[in-house]
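Just so it is clear, none of the values below were taken in a lab; they were calculated from the coordinates. The structure presented is a predicted model; accordingly, all values stated were derived computationally and were not measured. Positions of Cβ are generated from backbone atoms using ideal geometry, with glycine treated the same way; all protein chains shown enter the neighbour counts.
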Amino acid sequence: MKKTIFTILAVVAITLTSITASAQKLVSTKTHFKFFSTTPAEDIQANNYKAVGTIEKSTGDIVFSVPMQSFEFEKALMQEHFNSKKFLDTKTNPKAKLVGKIADLSKVDFTKDGSYSVDVTGDLTINGVTNPVKEKATIGVTDGKISLMSKFNLTLNDYKIAFKSGKPSRNIAKTLEVTVEANY
Amino acid sequence: MTTKKKIFKIVLIVIGVGVLIGGGVGYYMFNKPARNVQNTETDFSYKASEIVNEYLTDSKKANAKYLAENGESKVLEITGFVAKISEDFNNQKVILLKAEGENAGVSCTFTAETNVNTLNIKMGDQVTIKGVIRSGASFDKDLDMYENVIIEKSDIVSNK
């Protein structure tokens, strides 16, 4: 009898914990990642709407998984270059990933409308190369709905993405501007 | 003298034509339009659960089979039940095909041109959607959740 009660209690406890845990985790499938490169030769941009992201409210853990073949360019040839082995090798590395943490989580009140400026630190993996990153982001709370915005620079060489010669090496900036928006 | 002139003329014409063709090809290559996925022949037809399970079993093998190095990956027709209808930041419709009890599904993004064909689709409908695969399904330990197969440039093939 004691054993049965104990089992029931345990089951209830575990269920409650998992419910609370899942309630703390925000998931976003409505996202936009943009690369922007500018050189005297031309401006190039690529857009991606298929990334998935999560924020764990209790710990500030933040994750994005970005399917690389979903980046769309204006010119088909650029998109082919982007995907190719020489550039991002998206067949071998179909996803880029950010695994990080909101460093100053105490600044954010997820229950109160507002705009919270935070630092996100973590590891960014692109093209199979992982680097530590520290970037600014803004968490927005509007009527209980959470959103995230960020704009940061990305140095291609850090991720072993480099055109040594030819037109791409002149027309693509060494440092790109990345814009991120996500609705949770 | 006249023969020399003639040869010179011919050489000039040949060079001129060569430059024009070369320039034309270069210009076309640079500006060539993106592949029209809907006009491309379908490579594989599956139920949503079939492609999901193939990826969950061996994602490396599946990537080798479906993803192309230049990004023009395989064109798939996926049949499944509509589990979610939404819209992305680019105002494109997104339909998730996922059977009840499945861990992951197939997330299909439409285009400005094909959005209109989703308007009569309802939750629970069984539909067949054609599009290009961008990435496969997997369990991501960092997200701590399953990721769907991603299909883009989609259109409805049939709606039963």
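Table for the structure above
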| read-out | value |
| --- | --- |
| Evaluation of residue B:72 against (1) in a helix (DSSP H, G or I); (2) within 14 Å of chain A (Cβ to nearest Cβ); (3) among the charged types (D, E, K, R) (one fails), failing number | (1) |
| Candidates B:63, B:39 - the one that is closer than 23 Å to residue B:99 by Cα, among the polar types (S, T, N, Q) and either away from chain A (no Cβ under 13 Å) or touching a residue at least 40 places away in the same chain (Cβ under 8 Å) (or both) | B:63 |
| Yes/no for residue B:127 being within 12 Å of chain A (Cβ to nearest Cβ) and of a type in the set (Val, Ile, Thr) | no |
| Test result for residue B:98, of a type outside the set (Gly, Ala, Ser) and farther than 15 Å from residue B:49 by Cβ | no |
| Residue match in the stretch B:113-133 (condition: over 22 Å from residue B:68 (Cβ atoms) and touching a Ser or Thr at 6+ places or on another chain (Cβ under 6 Å)) | yes |
| Subset of the stretch A:40-50 (residues that are more than 10 Å from chain B (Cβ to nearest Cβ) and out of contact with any helix residue (DSSP H, G or I) (no Cβ under 6 Å at 6 or more places or on another chain)) | A:40, A:43, A:44, A:45, A:46 |
